[in-house]
Amino acid sequence: MKVAIIGGGPCGIITLKILAKFVQDHGGFEFQPTLFEATDQLGGQWVYREETSTPSSMYASLITNLHKAQMPFSDMQMSESYPGYPHHYQILEYLQNYLVHHDLMSMVKLSTLVTSVKPNDDGTWSVSHQKSDQWKEKTSTDEYLPESYANVETITDTFDAVIVANGHFLVPRIPDVKGWRNFAGISDHSHNYRHPDPFSGKTVLVVGNGWSGKQISEEIENVATVYRSWRGWTKAEANGKHLPDISHVDEDGEFHFLDGSKLKVDMVLWCTGFLYTYPFLDESIIQCKRNPKEISPVYKQVFHPGIFNLNFNLKFQLFNLQSKNPKDLIQLEIAFN
């Protein structure tokens with residue numbers, strides 16, 4: 001069975017390893033996996049790049065919010081030299097060591113962008129892809145189009161199954177705030193955050209209370225005056241700089257909040273998450289919803305109910321469980337989820 005894996009982050013890597021190991025450990029059935037990675041390096045989000053026009057949303061100081069005991073794949077632990085909460089470069093190092101340990105690189109196509117995945121009448125899939133030695137990606141809320149692939153030859157191969165593991169930290173999600181266009185200051189998303197220097201001396205509103213919102217706020221506070229806004233805020237958390245959700249932005253560009261307070265700022269940093277995007281799949285197969293954030297029709301955000309050989313990989317830790325016994329998954333006719 002030929003299987004296409006789209007995306008070379010942690011989910012794509014562990015899926016590749018599961019299929020490769022099954023070939024080694026079980027007779028009578030063989031997978032032929034191919035992993036497609038659009039950039040020049042495996043690791044997904046954990047590949048730090050200074051440029052903001054890349055798929056990575058990693059910032060320089062990021063440390064994990066999970067203990068290292070919770071993060072590794074089941075068949076290879078993280079180095080004892082790593083701190084309890086590793087730095088992002090250590091996670092990338094772990095993933096690279098994992099690839100070498102299992103000798104997986106021969107099944108990987110780097111700098112190869114999947115442009116289209118279409119079902120065939122016989123149940124197989126036509127996967128079109130482009131190879132570029134010089135990749136340069138641009139991102140926006142609407143599109144993901146590597147510019148260097150514009151004039152590159154498109155190759156189409158046939159696969160028996162497709163695993164979508166292209167990640168979900170690419171397209172920024174920015175809330176639709178009433179009067180938003182009245183704000184004349186600088187607005188950006190955490191996807192583009194790398195260092196606190198651009199915020200120096202400014203009054204900054206950080207929106208969002210996830211891990212990035214908390215960690216980035218603490219870092220920016222060293223160089224700027226920082227206010228934070230998030231949903232679920234309570235008065236007990238108020239200290240003058242913690243604010244509830246935004247109500248609207250008035251004609252003067254001033255932010256108003258649900259508790260009646262208001263604030264004038266120089267910059268806004270949205271730490272409000274990301275949207276799913278699958279530009280290579282037709283909307284007749286999959287739809288990406290904004291509110292609530294989900295993909296449809298996909299059971300548990302993994303299994304497509306009408307297409308057994310098309311599956312979606314969204315969570316890093318999920319594969320610790322799946323990699324323990326791939327034989328059980330084969331019996332469900334889903335060899336890769």
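When 289, 235, 315 are checked against the criterion of being modelled with pLDDT under 90, within 24 Å of residue 15 (Cβ to Cβ) and not hydrophobic (A, V, I, L, M, F, W, C), 315 stands alone in meeting it. Does residue 206 satisfy being of a type in the set (A, V, I, L, M) and out of contact with any strand residue (DSSP E or B) (no Cβ under 9 Å at 6 or more places or on another chain)? No; evaluated as a whole, the condition is false for this residue.
Each residue in the range 160-213 was checked for being in a strand (DSSP E or B) and closer than 12 Å to residue 270 by Cα, and 9 of them qualify.
Residue check: residue 99 meets all listed conditions (1) without any contact (Cβ under 8 Å) to a residue 24 or more places away in the chain; (2) under 30 Å from residue 281 (Cα atoms); (3) aliphatic (A, V, I, L, M) but one, namely (1). All conditions in (1) within 16 Å of the chain's Cα centre (by Cα); (2) in a loop (DSSP other than H, G, I, E, B); (3) aliphatic (A, V, I, L, M) hold for residue 13, with the sole exception of (2). Tell me which residues, restricted to the range 142-172, are at pLDDT below 85 and either among the acidic types (Asp, Glu) or loosely packed, with under 12 Cβ neighbours inside 10 Å (or both). Result: 142, 143, 147, 150, 151, 153. List pairs: first in the range 111-129 and without any contact (Cβ under 8 Å) to a residue 40 or more places away in the chain and more than 20 Å from residue 277 (Cβ to Cβ), second of a type outside the set (Gly, Ala, Ser) and part of a loop (DSSP other than H, G, I, E, B), Cβ under 7 Å, 6+ apart or cross-chain? Close Cβ pairs satisfying both conditions: 124/160; 126/120. The number of residues in the range 86-120 being part of a helix (DSSP H, G or I), of a type in the set (Val, Ile, Thr) and crowded, with 19+ Cβ neighbours inside 10 Å comes to 1.
The residues of the range 255-278 that are in contact with a strand residue (DSSP E or B) (Cβ under 6 Å, 6 or more places away or on another chain), under 30 Å from residue 123 (Cα atoms) and not hydrophobic (A, V, I, L, M, F, W, C), listed by number, are 276, 277. If you go through the range 121-139 and keep only what is of a type outside the set (D, E, K, R) and either open to solvent by less than 50 Å² (accessible area, probe 1.4 Å) or at pLDDT 95 or above (or both), you end up with 123, 124, 125, 126, 127, 128, 129, 130, 132, 135, 139.
The values are calculated or read from the model by the stated rules, or taken from the named source; none is laboratory data. Treat the numbers as computed from the prediction; the structure is a model and nothing was measured. All Cβ positions, glycine included, derive from the backbone under ideal geometry; neighbour counts span all protein chains shown. Only protein heavy atoms, including side chains, enter the accessible area calculation; ligands, DNA and RNA are left aside. Shrake-Rupley method; radii C 1.70, N 1.55, O 1.52, S 1.80 Å.
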